[in-house]
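Accompanying notes for the structure given below.
The values are calculated or read from the model by the stated rules, or taken from the named source; none is laboratory data. Computed from a predicted model, the values in this text were never measured in an experiment. Cβ placement follows ideal geometry from the backbone for every residue including glycine, while neighbour counts extend to all protein chains displayed. What goes into the accessible areas is simple: the full protein's heavy atoms, side chains included, and nothing from ligands, DNA or RNA. Shrake-Rupley method; radii C 1.70, N 1.55, O 1.52, S 1.80 Å.
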Amino acid sequence: MSRITKRFDALKAQGRSGLVTFVTAGDPDMATFQKILNGLPAAGADVIEVGVPFSDPMADGPAIQLSSQRALKHDIGLKDIFASVAAFRKIDADTPIVLMGYYNPIYRYGGDAFAKEAVAAGADGVIIVDLPPEEAGELLPALNKHGLHMIFLTAPTSSDARLPAILNNASGFVYYVAVAGVTGTKSAEEDSVKQAMKRLRAHTKLPIAVGFGIKTPAQAKTISALCDAAVVGSAIVEVVAQSSQKNGTAPDAVAADVHRFVKDLAAGVR
Amino acid sequence: MTVVQTPNTFRAGADENGHFGIFGGRYVAETLMPLILEVEKAYNAAKADPKFQADIKSYNVHYAGRPSAFYFAERLTQHLGGAKIYFKREELNHTGSHKINNCLGQILLALRMGKKRIIAETGAGQHGVATATVCARFGLKCVVYMGTKDIERQKPNVFRMKLLGAEVFPVEKGTGTLKDAMNEALRDWVANVDTTYYCIGTAAGPHPYPTMVRDFQSVIGDEVREQLQEAEGRLPDSVVACIGGGSNAIGLFHPFLDDASVKIIGVEAAGRGIPTGAHAASLTGGQPGVLHGNRTYLLQDKNGQIQDAHSISAGLDYPGIGPEHAWLNDVKRVQYVSATDDEALEAFQICSKLEGIIPALESAHAIAHVLKIAPPLPKDHLMVVCMSGRGDKDVFAIADALGTKM
């Protein structure tokens, strides 16, 4: 059984929803990122999304755009990210790690090499924002061969007629994008998420995580009560930005600020 | 050994999933996917509707001024002493470039779809002006995203868009050029899915845009075929066009793809020279990758990060190229070459002085290549160049580049 499945089963057994935290690899630099990553489980992250920075993050709002730019100043590539995940795995064997980003860096790396090395490093799944089911056929065989979950996105615009095509190849969990928009701008609304969960549950037995537009512990509490996990990204990345501006290159101080915020979020979902 | 199969026709693409060989496709976020499918469905229905085709034709004639003139460039021909050179005068269209062909088509489609708000990206401002113009004509709200660097070098077009009632949003991110403007337009679209139609300016982006834009621009090549038949009684021997995303080029090329005797040449922007890395020639200097909804040749680094393009011409300053061009390159039907900033500047001046036609800096790249290849060709070689736009918008930038005070 995969780490993702085990973790969601465990959450179910505890009778609570999970917290999924997003941080961009290499933001603000690789050493600080490693400190942030390593401390996330203790701060209360149940699943960790590691953002693969991209020069043209079309689906992201300003916070994640800026975090990608900070990371790319250090010329971060997939090899660096795999090394970082492997280092994390030495101290944590259980918390699932999902790589999240855009297709081009993976395509350039080669789908088979990507899947093989990601799994070897200890990653469990991948979310590729601009690879819809219509185009995913070229990558899925490599992911299946090496055992990396493909986590598909569903959106408010995904019609019922479309859902089976998306969910047929989904594994691990399903990601519901709660707002029509880019990351970190609008706020997720309780009623529309409630409706969407009803629609999605009719098509899948996989756990459902909801993200985009969850910024505060209170919002995380409200939304996580409706689904299996709440995803927080932009708000965490903004703490990275503010803290690294305030503290300069002080990895411990920046990581402490991020972990403090994640603790508050985790308290919200518990 | 791999053998590149020559297809029976070069004009059949894209396939039903929007692919030209391995290129094209629909690489967009799930939130946009249903919209793109909706655009495709609406376009297929419109294409088959005689009323839609008749409307386009009527606006092309009465509003845009089509057919555009076809002109024997006599003094340039004499100057070069070789091939007989014709200009397809797209710069004489309403708004001063070929961009109006596409905007009329797409905005008539948006009206059919009941959309009230149109967004667009623009580099040189030609597509922005054409979009703002057609939106004004039909009373639609228009928002144009434009990089800050491009706003600086294309001021006359920025003012024109504002006069036409469009909102121009400056995009500072990245290099402040066309690619960044396109990212921002996509972000707008994903946040305004119900009301908004995205009018992409070039033959790129997710399916069906590359095919749809090509269809609307093919009026260029269709007219050239008729006009040259009338003038010379035969097909051209070669056709030449500049390429950024490649919409004027695919419009000129597509009707001739299956005429094996017609040599087809696309001219990319070599900027300061390909070896310097400061260029916009994605076929010459790029590798296949995925950006802005399609797979195509892209300027990128070893990690798959998109690199900044450079060209003196804002309209060619883009690190990608339309997917059909990527495919035509790989199947070797079209020859893709490049011209540097300096070569374009020289061609710009020669064309202005010899023909009394001030070309857009974009079109000057096509002329630059003509200057290279026309002289040794026989006098009965018929060469058609697409004069995709007029150069009034560029005079400030040219004065700067030539060190002239205006």
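In straight-distance terms, cross-link reach from A:K205 covers every one of the lysines whose alpha-carbon lies under 22 Å from its own, apart from those fewer than eight places away in the same chain; here that gives A:K6, A:K12, A:K194.
Springs join every pair of Cα atoms under 10 Å in this Gaussian network model of chain A, and among A:Q65, A:Q242, A:Q219 the largest mean-square fluctuation is at A:Q242.
Separation of the stretch B:348-382 from the stretch B:37-82 is 22 Å, based on Cα centroids.
Dividing the Cα radius of gyration of the stretch A:26-98 by its Kirkwood radius returns 0.97 for Rg/Rh. Loop-resident trypsin sites (Lys or Arg not before Pro) (DSSP state other than H, G, I, E or B) in the stretch B:308-369 with no more than 11 further Cβ atoms inside 10 Å of their Cβ: B:K332. Between the stretch A:128-145 and the stretch B:128-182, the alpha-carbon centres lie 35 Å apart.
Summarising the amide proton neighbourhood of A:G18: residues at separation of 5 or more, or on other chains, whose placed amide H is nearer than 5 Å comprise A:A229, A:A230.
How much accessible surface does B:C142 have with a 1.4 Å probe, in Å² rounded to 10? About 10 Å², rounded to the nearest 10.
Pairs with C-alpha atoms separated by more than 31 Å, drawn from the list A:K263/B:K302; A:K79/B:K99; B:K88/B:K379; A:K246/B:K162; B:K51/B:K88, are A:K263/B:K302; A:K79/B:K99; A:K246/B:K162.
A dipole drawn for chain A from +1 and -1 charges on Cβ atoms has a positive end, and of A:V177, A:V239, A:A42 the residue lying farthest that way is A:A42.
Surface listing: A:K145, B:K405, B:K179 arranged by accessible area from highest to lowest gives B:K405, A:K145, B:K179, probe 1.4 Å.
Pairing chains A and B buries close to 2900 square angstrom of accessible surface in total, based on protein heavy atoms and a 1.4 angstrom probe. By DSSP, the beta bridges lying fully in the stretch B:28-175 are antiparallel in about 20 percent of cases.
For the stretch A:70-108, accessible area lost to neighbouring protein chains reaches 50 Å² or more, against the chain alone with a 1.4 Å probe, at A:N104, A:Y107, A:R108.
Note on the protein assembly as shown: antiparallel DSSP beta bridges, both residues inside, total approximately 20 percent of the bridges counted. Counting Cβ atoms of other protein chains within 10 Å of each Cβ in A:125-138 and taking the mean gives 5.
Per-residue SASA remark: B:W327, around 40 Å² accessible (1.4 Å probe; ligands, DNA and RNA not included).
Computed about the Cα centre, the dipole magnitude for the protein assembly as shown is approximately 1060 debye when only Lys and Arg (+1) and Asp and Glu (-1) carry charge, each at its Cβ. Identify which of B:T95, B:T122, B:T195 has the largest mean-square fluctuation in a Gaussian network model of chain B, with springs joining Cα atoms closer than 10 Å. Largest GNM mean-square fluctuation: B:T195. Converting the Cα gyration tensor eigenvalues of chain B into ellipsoid dimensions via √(5λ) gives semi-axes, longest first, of 29, 24, 23 Å. Here the stretch A:3-263 has 53 percent of its accessible surface on carbon and sulfur atoms, given a 1.4 Å probe and all protein chains in place.
Put a plus charge on the Cβ of each Lys and Arg, a minus charge on the Cβ of each Asp and Glu, and nothing anywhere else: the dipole of the stretch A:3-263 about its Cα centre is then about 660 debye. In straight-distance terms, cross-link reach from B:K173 covers every one of the lysines whose alpha-carbon lies under 21 Å from its own, apart from those fewer than eight places away in the same chain; here that gives A:K73, A:K186, B:K149, B:K155.
Taking only alpha carbon atoms, the stretch A:3-263 gives an Rg to Rh ratio of 0.93, where Rh is the Kirkwood radius. Other residues with beta-carbon under 14 Å from the beta-carbon of B:H62 carry, at +1 per Lys or Arg and -1 per Asp or Glu, a net charge of +2.
Cα-based values for the protein assembly as shown, radius of gyration first and Dmax second, are 26.1, 86 Å. Within the stretch B:297-345, the residues that become at least 50 Å² less accessible when every protein chain is included than when their own chain is isolated (1.4 Å probe; DNA, RNA and ligands ignored) are B:N303, B:Q305.
Remark: the stretch A:215-270 projects, on average over all directions, an area of 3.6 nm² (convex hull of Cα atoms).
Split the accessible area of chain B by element, probe 1.4 Å, and carbon with sulfur accounts for 53%.
Comparing A:T204, A:M150, A:G61 along the charge dipole axis of the protein assembly as shown, the residue lying farthest to the positive side is A:T204, per the Cβ-charge model. Partner shielding of B:178-184 amounts to 2, given as the average count of beta-carbon atoms from other chains within 10 Å of each residue beta-carbon.
Once the Kirkwood radius over Cα pairs is known for the stretch B:312-406, the Stokes-Einstein relation at 37 °C and 0.692 mPa s delivers a diffusion coefficient of 224 µm²/s. Helical runs assigned H by DSSP (4 residues or longer) give chain A a calculated mean residue ellipticity at 222 nm of -15500 deg cm²/dmol, each run adding -39500 (n - 2.57) before division by the residue total. The sum of -39500 (n - 2.57) across all DSSP H runs of n ≥ 4, divided by the residue count of chain B, sets its helix-only mean residue ellipticity at 222 nm to -12000 deg cm²/dmol. The residues of the protein assembly as shown expose, per residue, 36 Å² of accessible area to a 1.4 Å probe. Under 14 Å from the Cβ of A:G125, count the other residues' Cβ atoms, weight Lys and Arg +1, Asp and Glu -1, and hand me the total. Net local charge, A:G125 excluded: 0. Accessible surface of A:M150, taken over heavy atoms with a 1.4 Å probe and every protein chain present, rounds to 10 Å². Look at the dipole of the protein assembly as shown built from charges on Cβ: of A:V85, B:H62, B:V171, the Cα furthest out on the positive end belongs to A:V85. Would you give the gap between the C-alpha center of the stretch B:251-287 and the C-alpha center of the stretch A:198-270, rounded to a whole Å? If you average the Cα positions of each part, the centres end up 47 Å apart.
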